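Student: I'd like to ask you about the structure that follows.
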Amino acid sequence: MSLCVSADAGLCKFLNRRGDVETSFNRLSGQAVKCGFGLQGICCRLCSNGPCRITLKTSRGVCGATADVIVARNFLRAVAAGAACYLHVVENAANVLKNTDLPYPGEGLLDELAGRFGIGAGGSKEKAAQLAGRVLEDLYRPRGERMELVERLAFPRRFKRWEELGILPGGAKAEVFDALVKSGTNLSSDPVDMLLHCLRLGIATGIYGLTLTNHINDILAGEPEIGTVRVGFSVVDPGYINIMVIGHQQALFSALQRELETPEAVEKARQAGAKGFRIVGSTCVGQDLELRSAREHGVFAGHAGNNFTSEPLLATGGIDLVVTEFNCALPGIEDLCERFRVRQVCIDDVAKKRNAEHLPYDFGDSRAFAGKIMDAALSSYAGRRKEIAPDIPEHGFDGAVAGIGEKSLKKFLGGSYKPLIDLIAGGQIKGIAGVVGCSNLATRGHDVFTLELTRELIRRDIIVLTAGCTSGGLANLGMTVPEAAEQAGEKLKEVCKKMGIPPVLNFGPCLAIGRLETVAAEIAGMLNVDLPQLPLALSAPQWLEEQALADGAFALALGLLIHLGSSPFIEGSELVTGILTRDLEEMTGGRVLVAEDPTQAADAMESHILKKREKLGI
Amino acid sequence: MCRPGKLEGVDVKAVMVYLDRCYGCLTCSLACAAAHSASGTITGAMRERVPGRILVEAAGKQPVPILCRHCDDAPCVNACMIGAMQQDPVTGLVSNEGHTQACAGCWMCIMACPYGAIVQAPRGERMALKCDGCRGRETPACVMACPNGALAYVEVDDFAGERRLKLAFCLAEDMTRDSRAYGG
């Protein structure tokens, strides 16, 4: 079996020691030969005349579709699928909110949003139900009807631009639906129209899938508060019954968190021979849990790692139950769960595993539902611990800064973003880079590009805000502890040391990309400029999947530069590549930059930031 | 050993690779498997678990198709203790199939081949598998299947001639540019 390629030396050491365990790291080399047609996005299998490929000899498919049409169709389908994923998440969150009784830990935010949405007086329960209703109403609108909350949440200058461009989305689900229709066999063959549709999906993804999901989760589980946490495999304590959660929907775990903390639950665990229950964070939902428990962790053990650390985490044998509700639930965990005798429960069938028991989340009776999960964990624990001895390596970091959100950051800065703006204006911080999105294995190795790019950026005095698997990776690599300031450039290092912060600020899950947008909008608002004018650049260096492309479409609609470490399968079309990497800048201000080398990527992001500084006269 | 074709002054055809045209789509390998399967189709070959005999390796991001070169005085033929691996005196094709002596699966040929172009038959069968030049086909299946023309079944001297001409144009262009720079 081949060796692990990850920036995380501790992870590699563990995997090399456990050479008998097969994970994605072993399967990578077997997939090293990549199909060039797929890479360029010029393979079409929409009809039985195909699959057709644009080759050196054939410039059109049987139907007459050019490379431009095939690439645009494939891209639109990918963005639509990614948007669908995030919209599923916000739909569930809204339904949980509608069915949850008081108290709401984030009641202040509920009041604030009720005010913004024009929800009249009434009790909190009534307000919550109405707010959830308004979100759902928008999601279910027909495509011809504009969604109402966009205007209430979007940065006003952006909203205006979107209106001028005619890319304000109709009902979000209908937009996804018609994207599929449009990109079907012998339907649209207008690449430009399909790319505009991507922008509409991006707006729906950003405002609803990201921002509103964050808001609802903040109401249900409390707003982020800054604190320090332990990260990595060492968060797993074999003395407890450990429930590993995989997905993106913290709303589905609030009831479980509450139940596992009760004295009755602890007693049940004790009778089984454990000290109690623990929820072990894995993938984005772990990041979300970490975000809201940096001060008070309760039953949350901590975040163990991002998408591709989930298989190795199972190989520690320290996990007693896996609960899946969304991605990244790698198919590879199925065999590992069998081997390490870990029972699997799936609470949302969009993330159903072959050998998992389907126990759908009960919106009506979340308490009884939580009890069922607890029982599954108890029975799995009792059965497996006789045969499997946990083998948990020393891995991760203590003192990682977490709990950063748009509000907790502002509070930390003294109630206003002005100190940050002053540091940027004064040149102590050159600019802001959002290093976001996934991790993958193919773009230089697990978290490798993310780490190299981040180091390059902070070395240039550019502060890094991170959200998604990038942040889980960077935390496990020690980049979110205050001592990481030593790796920053002189000016940024001084700022970090003075403030006691790391040069990389962990905002949590990929959903928190929406929080970065809020931070940017607040700064732009204070400066009285539009988002594209800010000394800000985004990168999804190791984007993995369709959701990342939907996030990227949002970034483009916001007018931001978004770097990708590998092409989003568009290079077969000059037209699509030209629009996304160049021409779009004149419309929204945003553009895609593909750079496969971290230093080159950092150079391009830095020069973008410098150009913006120059235009702002700072 | 000279083959009759060469004696008559007729060049031998071989599968030649244009590396810059290879997209790594593996269609060649699938078509090869199909050609050597009972069903004769790609999906059938996948079902029968027939492997392709042309292998594509990833050298970083560059896919590189590798297949038997059917060498004269081939190391695999010399290494074959049982005499199953033979070069056809007429076609020049090297194969361990269709001869009186059956392959014993000793893997000596695999050890001897400098290209790694010989592999083990699937399911643990003691049989070495390699390109047989698609006997009975005018053009090998891999060449027919390549969507990008990265594989060509051509007379080797023609291939070399084409290369020479390309190089000649490059050199001439360089010289013209250099002399202009010099003259200017």
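The values are calculated or read from the model by the stated rules, or taken from the named source; none is laboratory data. This one's a predicted model, so the numbers in the text were calculated from it and none came from an experiment. Here the Cβ is made from the backbone with ideal geometry for all residues, glycine too, and neighbour counts use every protein chain on show. For accessibility, only protein heavy atoms count, side chains too; no ligands or nucleic acids. Shrake-Rupley method; radii C 1.70, N 1.55, O 1.52, S 1.80 Å.
Student: Rg(Cα) of region B:6-155 divided by 2.2 N^0.38 Å?
Tutor: 1.03
Student: How crowded by other chains is B:19-25, given as the mean number of beta carbons from other chains within 10 Å of each beta carbon?
Tutor: Rounded to a whole number, the mean comes out at 5.
Student: Roughly how many nanometres apart are two label points built 7 Å out from the Cα toward the Cβ at A:Glu264 and A:Ala442?
Tutor: 5.0 nm
Student: Among the trypsin sites (Lys or Arg not before Pro) in region B:86-184, which ones are in a DSSP loop with at most 13 other Cβ atoms within 10 Å of the Cβ? Mind listing them?
Tutor: Listed in order of number, the matching sites are B:Arg123, B:Arg126, B:Arg135, B:Arg137.
Student: Write down the Kirkwood hydrodynamic radius of the protein assembly as shown, to one decimal in angstroms, obtained as one divided by the mean of 1/r over all alpha carbon pairs.
Tutor: So the Kirkwood estimate lands at 29.1 Å.
Student: Related question: Would you mind counting up the charge near A:Gly232? Only other residues with Cβ under 10 Å from its Cβ, with Lys and Arg at +1 and Asp and Glu at -1.
Tutor: Residues near A:Gly232 contribute -2 overall.
Student: Next up: Pick out the long, greasy-scoring helices in chain A: whole DSSP H runs spanning 24 Å or more along their own axis by Cα, mean Kyte-Doolittle at least 0.0.
Tutor: A:67-99, A:366-384
Student: Tell me, what is the percent relative contact order of region A:486-618, built from C-alpha pairs under 8 Å that lie six or more residues apart?
Tutor: Contact order relative to length: 22 percent.
Student: Counting only DSSP beta bridges with both residues in the protein assembly as shown, tell me the antiparallel percent, nearest 5.
Tutor: Of all bridge pairs located within the protein assembly as shown, approximately 35 percent are antiparallel.
Student: Relative contact order of region B:6-155: what whole-number percent is it, with Cα pairs under 8 angstrom and at least 6 residues apart?
Tutor: Worked out over region B:6-155, it gives 29 percent.
Student: According to a simple spin-label model (label point 7 Å from Cα along Cα-to-Cβ), what is the distance in nm between B:Thr176 and A:Lys497?
Tutor: For the pair A:Lys497/B:Thr176, the computed spacing is 6.2 nm.
Student: Could you sort out which of A:Lys34/B:Lys130; A:Lys98/A:Lys127; A:Lys268/A:Lys352; A:Lys407/A:Lys498; A:Lys418/A:Lys498; A:Lys98/A:Lys125 sit more than 19 Å apart by Cα distance in this structure?
Tutor: A:Lys34/B:Lys130; A:Lys268/A:Lys352; A:Lys407/A:Lys498
Student: Show which aspartates and glutamates lie in cross-link reach of A:Lys411 when reach means a straight Cα distance below 15 angstrom and same-chain residues fewer than eight apart are skipped.
Tutor: A:Glu223, A:Glu225, A:Glu522
Student: I need the phi-derived Karplus couplings for region B:53-61: 6.51 cos²θ - 1.76 cosθ + 1.60, θ = phi - 60°, integer Hz, Gly and Pro marked x.
Tutor: With the stated coefficients, region B:53-61 comes to 9, 9, 10, 10, 9, 9, 9, x, 9 Hz.
Student: Going by amide H atoms built from the backbone, whose H comes under 5 Å of the H on A:Ser539, apart from near neighbours?
Tutor: Result for A:Ser539 returns A:Gly434, A:Val435, A:Val436, A:His563.
Student: Sticking with this structure for a sec: By how many nm would the segment from A:Cys47 to A:Lys160 lengthen if fully extended, with 0.36 nm per residue of separation less the alpha-carbon distance?
Tutor: Extending this stretch completely gives an extra 36.7 nm.
Student: With a point put 7 Å past each Cα toward its Cβ, work out how far B:Ala58 is from B:Glu125 in nm, to one decimal.
Tutor: Placing both labels 7 Å along Cα→Cβ, they lie 2.9 nm apart.
Student: Express the relative contact order of chain A as a whole percentage, based on alpha carbon pairs under 8 Å and six or more residues apart in sequence.
Tutor: The value is 16 percent.
Student: Now a separate question. Kindly report the accessible area of the protein assembly as shown per residue (heavy atoms of protein chains, probe 1.4 Å, no ligands, DNA or RNA), in Å².
Tutor: Accessible surface, normalised per residue, equals 41 Å².
Student: Also, I was wondering about something else. With the Cα gyration tensor of region B:6-70 giving a ≥ b ≥ c as the square roots of its eigenvalues, does the rule (a/c under 1.5 for rounded; else a/b larger than b/c for prolate; else oblate) give rounded, prolate or oblate?
Tutor: Cα axes put region B:6-70 in the oblate bin.
Student: Between the DSSP loop rule and a limit of at most 15 other Cβ atoms within 10 Å, which GluC sites (Glu not before Pro) in region A:68-175 are left?
Tutor: Those that pass, being in a loop and sparsely packed, are A:Glu145, A:Glu148.
Student: I would also like to ask the following. Could you state how much accessible area is buried at the B-A interface, both sides summed, with a 1.4 Å probe, in Å² to the nearest 100?
Tutor: 1000 Å²
Student: Please report the carbon-and-sulfur percent of the accessible area for chain A; probe 1.4 Å, protein heavy atoms only, DNA, RNA and ligands left out.
Tutor: 52 percent
Student: Could you let me know the centre-to-centre spacing of region A:133-158 and region A:299-330, using Cα atoms, in angstrom?
Tutor: Answer, in whole Å: 35.
Student: What is the local net charge at A:Thr211, summed over the other residues whose Cβ is closer than 9 Å to its Cβ (Lys, Arg +1; Asp, Glu -1)?
Tutor: Here the count lands on 0.
Student: Near A:Ser539, within a Cβ-to-Cβ distance under 14 Å, what is the net charge of the other residues, with Lys and Arg +1 and Asp and Glu -1?
Tutor: My count for the surroundings of A:Ser539 gives -4.
Student: Between the chain alone and the structure with every protein chain in place, find the residues of region A:27-61 that drop at least 50 Å² of accessible area; heavy atoms, 1.4 Å probe.
Tutor: Relative to the lone chain, where solvent access is computed with a 1.4 Å probe, region A:27-61 loses at least 50 Å² at A:Val33, A:Phe37, A:Arg53, A:Leu56.
Student: Same structure, new question: Of all accessible surface on region B:6-155 at a 1.4 Å probe, what whole percent is carbon and sulfur?
Tutor: The C+S portion of the solvent-accessible surface of region B:6-155 is 56 percent.
Student: At most 13 other C-beta atoms within 10 Å and a DSSP loop state: those are the exposed GluC sites (Glu not before Pro) I care about. Give me the longest piece of chain B that has none.
Tutor: That would be B:9-124.
Student: Moving to a separate point now. Using DSSP to define loop residues, name the chymotrypsin sites (Phe, Trp or Tyr not before Pro) in region A:136-165 whose beta-carbon has at most 16 other beta-carbon atoms within 10 Å.
Tutor: Those that pass, being in a loop and sparsely packed, are A:Tyr140.
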